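So the structure is just underneath, and the comments pick up after that.
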Amino acid sequence: MDTAAAVPPGTTGDTADQTAAAAEPSPLRSRAAALRNPRLDPYWLAGALFVAYTTLSVCRYRRMATMSWDLGIFEQAIRAYAHLQAPVADLKGPGAHILGDHFSPVTALVAPFYRVFPTPVTLLVVQAALFALSAVPVARLAAHLLGRGRGLLIGVAYGLSWGIQRAVDFDFHEIAFAMPLLAFALEAIVRERWYRAMLWTAPLVFVKEDLGATVAAIGAVILFRSWGRRDARLSALAIGLAAFGVIASALALGVVIPEFNGSGDYAYWKKMEGGEATATIPLDTALRTLAWVLLPTAGLLALRSPLLLAAVPTLGWRFVSHDDHYWGTDWHYNAVLMPVVFLALVDAIHRTRRSRRPWLAAYARQLPVAVAAAGVALTSSLPLYGLTEPDTYRKPAAVADAERVLGEIPDDATVEANVGPISRLTDRCRVFWVGDTRGIAPDYIAMKEDEPRTPQHMTDYARQLHPDEEYRLVGASGGVYVLKRVGGDRA
């Protein structure tokens, strides 16, 4: 074909070339268009959540606002894994094997990262990544079934859900690994990818001893959802998965944990007994917790999905316990319910929005907006709201002073401490919980006190802890007091 014939009359060759070039998308435009691909929405959302979760937890750590000893316990165990040693957590008692407390070998996966970055911040970042990753299947399934806009709304509501925010704010816990496993497993069930769902579900038994019951529940859900296929092999595998979960929990509770702790028992059975605690869970507490789980997250519609069966074991063991921490809405105990509830919501909306009852169909179609709005509104009273406050990002002078005092404790020293100093010591010292050294006289005692204390008060307290030893105050600043054992100079 003659090139000149392809050029419109009155148009020069150069102008034609420019017109053709303009018609072709530039590499930059192509890249921008690719980044706007709807399939990437769940990953962009997960990235934003990762930044928010990491910032929240790391800023809390910087402010020395750790809420419990759990971060120190997990760091001790993971530090041991990182050095190919038995996972001993001295904070649970000198020489205490962590698998004798909870069966959570999955935490060993953090060890390679901790070996490279030996700091408790590594644990917090890993947890933030796991929580954020769990948003991917939630948002992806919602977009697949309900459309891009509703999918993003459900994803945002999940990321802002109160159960996850409380968990992110409360140090590090092994349940972080359960979040993506549960989310990917339940997404696969709704998509009828049965074998993939089983593969995502089975590893839950290595996250915590009680999650074997959740594995069994998911096996039952797979059996129920796939029953119409009349696939004998699939049914047998679903029943096998349920049996695997039950057996795994039974072995963990009755054999593995008692063997590692040497007591022949599972210590947390005591929380299921009455003792001095309330004999039964107060009805108002149970109803309040259930309302928080089902109302702002799903508007009760999740009750229409069989996926909600996966939440029953977690709710069950909490409600038969006699520890009020298990009953409430604080701490991390509700986090594993969030993937279940939100994916049950997505499933229920998909199944209900074409209901023959117009009011129910309309309610289902509007719920994504409602739960997203509830998530945003409730955040004003939840931890992530702290990201809007300047003080969140400031390290108080008192914390710098406290760190300077704690820095005087030499590496590899034995230290008895309460919550405040723990996270600044477990990466380099052997740390015991205050009052639980079991006859060991530590080189140092480190205490964070809310009220000012005199040197005499602190030395008297040290004498109460260790009557046969003498300790003297060697540093006090930022509310932290450090005492050294007289005659305890390290070689």
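The values are calculated or read from the model by the stated rules, or taken from the named source; none is laboratory data. This is a predicted model, so every value here is computed, not measured. Note: ideal-geometry Cβ built from the backbone for every residue, glycine included; neighbour counts use all protein chains shown. The protein model used for the area step is the full one, side chains on, heavy atoms only, and it has no ligands, DNA or RNA in it. Shrake-Rupley method; radii C 1.70, N 1.55, O 1.52, S 1.80 Å.
A few notes on this one:
- For the stretch 468-477, backbone phi angles converted through the Karplus equation (6.51, -1.76, 1.60; θ = phi - 60°) give residue-by-residue couplings of 8, 10, 10, 10, 10, 6, 10, x, 8, 6 Hz, Gly and Pro being listed as x.
- Cα-based radius of gyration of the chain once divided by 2.2 N^0.38 Å, which approximates compact folds: 1.18
- The stretch 37-82 shape via C-alpha gyration tensor axes, a/c threshold 1.5: oblate
- Angle of helix 120-146 to the longest C-alpha principal axis of the chain, folded into 0 to 90 degrees and rounded to 10: 30°.
- About its Cα centre, the stretch 289-407 has a charge dipole of approximately 960 debye under the convention of +1 per Lys or Arg Cβ and -1 per Asp or Glu Cβ, with nothing else charged.
- Estimated translational diffusion coefficient (Stokes-Einstein, Kirkwood radius over Cα pairs, 37 °C, 0.692 mPa s) of the stretch 400-491: 255 µm² per second.
- Virtual spin-label span in nm between Arg288 and Asp411, 7 Å along Cα→Cβ: 4.8 nm
- Here the stretch 58-163 is treated with +1 on each Lys and Arg Cβ and -1 on each Asp and Glu Cβ, and its dipole about the Cα centre works out to around 460 debye.
- Helix 211-225 and the longest principal axis of the Cα set of the chain meet at an angle near 20°.
- Proximal charge balance of Ser423 [Cβ under 9 Å; K/R count +1, D/E count -1]: -2
- Sorting the segments 391-397, 162-168 by their mean number of nearby beta carbons within 10 angstrom, highest to lowest, gives 162-168, 391-397.
- Here the extension length gained between Trp359 and Tyr195 equals 55.4 nm, from 0.36 nm per residue of separation less the Cα-Cα distance.
- Sequence of Glu389, Glu174 when ordered by accessible area, the most exposed leading, probe 1.4 angstrom: Glu389, Glu174
- Principal-axis tilt of helix 70-82 within the chain, Cα atoms, nearest 10 degrees: 80 degrees
- A Förster radius of 51 Å combined with the Cβ-Cβ distance from Ser235 to Thr388 puts the calculated FRET efficiency at roughly 0.50.
- FRET efficiency, 1/(1 + (r/R0)^6) with R0 22 Å, evaluated for Val121 and Ala400 via beta carbons: 0.85
- Cα convex hull of the stretch 180-229 - mean projected area over all directions, nm²: 3.0 nm²
- Spin-label zone in the stretch 75-111 - amide nitrogen under 18 Å from a point set 7 Å from the Cα of Val255 along the C-beta vector: 99-105
- Think of it as helices only: each DSSP H run of n ≥ 4 in the chain is worth -39500 (n - 2.57), and spread over all residues that comes to -16500 deg cm²/dmol at 222 nm.
- Whether the stretch 320-381 is rounded, prolate or oblate, judged on the alpha carbon gyration tensor where a/c under 1.5 counts as rounded: prolate
- Long-range HN-HN contacts of Phe432 with modeled amide H, under 5 Å: Val415, Glu416, Ala417
- The Cα-based radius of gyration and maximum Cα-Cα distance (Dmax) for the stretch 137-191 are 12.3, 35 Å.
- Rounded to the nearest 5, the antiparallel percentage of DSSP beta bridges internal to the chain is 65%.
- Set of the stretch 58-91 residues, backbone N closer than 13 Å to the point 7 Å along the Cα-Cβ line of Asp436: 68-74, 89-91
- When peptides 440-447, 411-418 are sorted by average Cβ neighbour count within 10 Å, with the highest value leading, the order is 440-447, 411-418.
- Evaluated at q = 0.12, 0.18, 0.21 Å⁻¹: base-10 log I(q)/I(0), Debye formula over Cα of the stretch 176-295: -0.59, -1.01, -1.10
- Dimensions of the stretch 202-259 along the principal axes, based on C-alpha atoms and rounded to the nearest Å, stand at 43, 14, 13, largest first.
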